[in-house]
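First up is the structure itself, then whatever we jot down about it.
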Ligand SMILES: O=C(O)CCC(=O)C(=O)O
Ligand SMILES: [Fe+2]
């Protein structure tokens, strides 16, 4: 039986993050975090299973074939033997934990924002639940990144651990290389040149965002979600997660399935933009993050998306009379504002 705090939470804006500040020592869940019964994660119903594994040491034709198949059937896959230094990744995740354990007074509280469009912020995602919006048991630090231009580092929060700044500079370059390879294989899978998908996301600069998700231990993971059920709106996401702690779930064939972390692997997933550009060949995966009682979990999601001025729709090169467009064409800024969930995933 869960003990529920019934007293009114204190009124300072950052008060809901008390649990994070306390390193998860809180024994109780504030009622604001508790989902209604039908929205709870039903942990016993999460099916075992596995997502495809892409080994980048295999010959390129095999890799391409596997990436294409995984993107059609699952919309998510592991990447192993990718050449990115595991130490770099582990140290980066460590720096994220350090940042989220800084006392709120040292500035983390001030970064908290309810404006989803701010480039640098700490955001608390919510699950729509009846007439309420229930906050996830997590905090997310968002900032921009770029595979070759380091200037995004200037906009990082002043109180971010100094080592994060250095680590993320290298991490961004390495992850940038993986994105370019994946976009190339996905384009070829559509029968097009390697550059096709990236070109269709806008000739100008694309939008590069990183999200560091921090999930403190939760006294009752049955009652909360770490991150609400969603699809990534971006084109493609590359995630690095705490190696020992399970949290990511996907919907596969109508059932929730756990994506177990495996050593030194990235998890890559298709977002709504690639689903639309590919006219539905590649599937954006519906996912969520669970909490757990014992351990802090961190995930660092890197996204590549079109710019707001980009017109996004099924790529002209792949639609014709036999293959009519299955999605509308729109300005990405409008998609961002209006269409994302209800339109693309009605009723889900
Ligand atoms: O924590 C995770 O594994 C999922 C993160 C995620 O879905 C996101 O940041 O969009
Ligand atoms: Fe996501």
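The values are calculated or read from the model by the stated rules, or taken from the named source; none is laboratory data. Nothing here was measured: the structure is a model prediction, and the numbers come from that model. Note: ideal-geometry Cβ built from the backbone for every residue, glycine included; neighbour counts use all protein chains shown.
Residues that are within 14 Å of the chain's Cα centre (by Cα) and not in a loop (DSSP other than H, G, I, E, B) within the range 249-264 comprise 249, 250, listed in sequence order. Surrounded by 14 or more Cβ atoms within 10 Å (Cβ to Cβ) and under 28 Å from residue 146 (Cβ atoms), is that true of residue 264? Yes.
Within the range 138-156, the presence of at least one residue that is within 16 Å of ligand 2 (Cβ to nearest atom), at pLDDT 90 or above, within 14 Å of residue 213 (Cα to Cα) and in a loop (DSSP other than H, G, I, E, B) is confirmed.
In this structure, is residue 306 more than 16 Å from ligand 1 (Cβ to nearest atom) and at pLDDT below 95? It is true that residue 306 is more than 16 Å from ligand 1 (Cβ to nearest atom) and at pLDDT below 95. The residue that is farthest from ligand 1 (Cβ to nearest atom), counting only those in the range 233-248 that are crowded, with 24+ Cβ neighbours inside 10 Å and assigned to a loop (DSSP other than H, G, I, E, B), is 235. Criterion first (touching a residue at least 24 places away in the same chain (Cβ under 8 Å), assigned to a loop (DSSP other than H, G, I, E, B) and near ligand 1 (Cβ under 9 Å from one of its atoms)) does residue 212 satisfy it? Spelling it out, it is not the case that residue 212 is touching a residue at least 24 places away in the same chain (Cβ under 8 Å), assigned to a loop (DSSP other than H, G, I, E, B) and near ligand 1 (Cβ under 9 Å from one of its atoms). Out of the range 139-151, which residues are closer than 15 Å to residue 207 by Cβ and under 19 Å from the mean Cα position of the chain (by Cα)? Scanning the range 139-151 gives 142, 143, 144, 145, 146, 147. For the range 269-289, a residue qualifies if it is touching a helix residue (DSSP H, G or I) at 6+ places or on another chain (Cβ under 7 Å) and closer than 30 Å to residue 100 by Cα, and the qualifying residues are 270, 272, 284. Right, residue 173: part of a helix (DSSP H, G or I) and farther than 18 Å from residue 123 by Cα or not? It is true that residue 173 is part of a helix (DSSP H, G or I) and farther than 18 Å from residue 123 by Cα. Exactly one residue out of 283, 206, 199, 255 is farther than 20 Å from residue 307 by Cα and either away from ligand 2 (no atom under 16 Å from the Cβ) or modelled with pLDDT under 95 (or both): that is 255.
Residue-wise test of (1) closer than 21 Å to residue 130 by Cα; (2) touching a helix residue (DSSP H, G or I) at 6+ places or on another chain (Cβ under 8 Å).
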site: 35; (1), (2): yes, no
site: 40; (1), (2): yes, no
site: 44; (1), (2): no, no
site: 52; (1), (2): no, yes
site: 62; (1), (2): no, no
site: 79; (1), (2): no, yes
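Restricting attention to the range 209-245 and to residues that are more than 16 Å from ligand 2 (Cβ to nearest atom) and in contact with a strand residue (DSSP E or B) (Cβ under 8 Å, 6 or more places away or on another chain), the residue that is nearest to residue 297 (Cα to Cα) turns out to be 245.
Condition test on residue 36, is it out of contact with any strand residue (DSSP E or B) (no Cβ under 7 Å at 6 or more places or on another chain) and modelled with pLDDT of 90 or more? Against the criterion (out of contact with any strand residue (DSSP E or B) (no Cβ under 7 Å at 6 or more places or on another chain) and modelled with pLDDT of 90 or more), residue 36 does not qualify. Checking the structure you have, find out if any residue of the range 88-102 is out of contact with any strand residue (DSSP E or B) (no Cβ under 6 Å at 6 or more places or on another chain), in a loop (DSSP other than H, G, I, E, B) and surrounded by 15 or more Cβ atoms within 10 Å (Cβ to Cβ). Yes: one or more hits. Taking the listed residues 314, 325, the one that is part of a loop (DSSP other than H, G, I, E, B), away from ligand 1 (no atom under 16 Å from the Cβ) and either touching a helix residue (DSSP H, G or I) at 6+ places or on another chain (Cβ under 7 Å) or on the phi > 0 side of the Ramachandran plot (or both) is 314, with no other qualifying. Evaluate the following for residue 170: is it modelled with pLDDT of 95 or more and more than 22 Å from residue 75 (Cβ to Cβ)? Yes; evaluated as a whole, the condition is true for this residue.
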